[in-house]
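The values are calculated or read from the model by the stated rules, or taken from the named source; none is laboratory data. Predicted, not measured: the structure shown is a model, and the values here were computed from it. In this analysis, Cβ positions are derived from the backbone assuming ideal geometry, glycine residues included, and neighbour counts consider all displayed protein chains. Each accessible area value is taken on the protein alone, full model and side chains, heavy atoms only, with ligands, DNA and RNA left out. Shrake-Rupley method; radii C 1.70, N 1.55, O 1.52, S 1.80 Å.
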Amino acid sequence: MVFSCIVVDDDPNTVEVFSDYLEILGIKVIGRGANGNDAIELYKILKPDVVFIDIMMPETDGILAIEMIQMFHKDAKIAAVTADTSDETAEILDKLGISAIIHKPFDPDTIKHVLRDELQIKIESN
């Protein structure tokens, strides 16, 4: 089974690099966005298997976007991709019950681990 995802981050380079790496691992990136509003709309329209979302973004932040996505689908697989390592944010994300957290700067091994072990996604062996 090919898993689909959306990647949302206000840094276009992060979206590009992260998306390219996911594609290398066999995950289909079906949508890309730059803020929480994009994440919400992309989720409603595309219904991806997984959402990779930054937390600190302009307009609508990742926390609000996650809450809205969970209103549409309470069991949505969501991975926060963030540079925010504060205890407060970790506590909020834990309460939201997201599937995984990937801290920036991210590395290939961490992404593989999260995909395999936390999101239960079979990936290409590279």
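A compact table of results
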{"quantity": "D (Stokes-Einstein, µm²/s), Kirkwood Cα radius, the stretch 56-113, 1.567 mPa s at 4 °C", "calculated": "107 µm²/s"}
{"quantity": "Net charge dipole size for the stretch 1-116 [Lys, Arg +1 and Asp, Glu -1 on Cβ; Debye, nearest 20]", "calculated": "620 debye"}
{"quantity": "Diffusion coefficient, µm² s⁻¹, Stokes-Einstein with Kirkwood Rh over alpha-carbon pairs of the chain at 10 °C and 1.306 mPa s", "calculated": "112 µm²/s"}
{"quantity": "Cross-link partners of Lys112 among aspartates and glutamates (Cα-Cα below 14 Å; sequence separation of 8 or more within a chain)", "calculated": "Asp20, Glu23, Glu124"}
{"quantity": "Computed helical MRE - 222 nm, the chain, DSSP H runs ≥ 4 contributing -39500 (n - 2.57), nearest 500", "calculated": "-12000 deg cm²/dmol"}
{"quantity": "Hz values of 3J(HN,Hα) by residue in the stretch 78-85 - Karplus curve (6.51, -1.76, 1.60), Gly and Pro given as x", "calculated": "10, 10, 7, 10, 9, 8, 7, 10"}
{"quantity": "Rounded percent of accessible protein surface that carbon and sulfur make up, the stretch 29-99, 1.4 Å probe", "calculated": "52 percent"}
{"quantity": "The chain: relative contact order as a whole-number percent, Cα under 8 Å and 6+ apart", "calculated": "22 percent"}
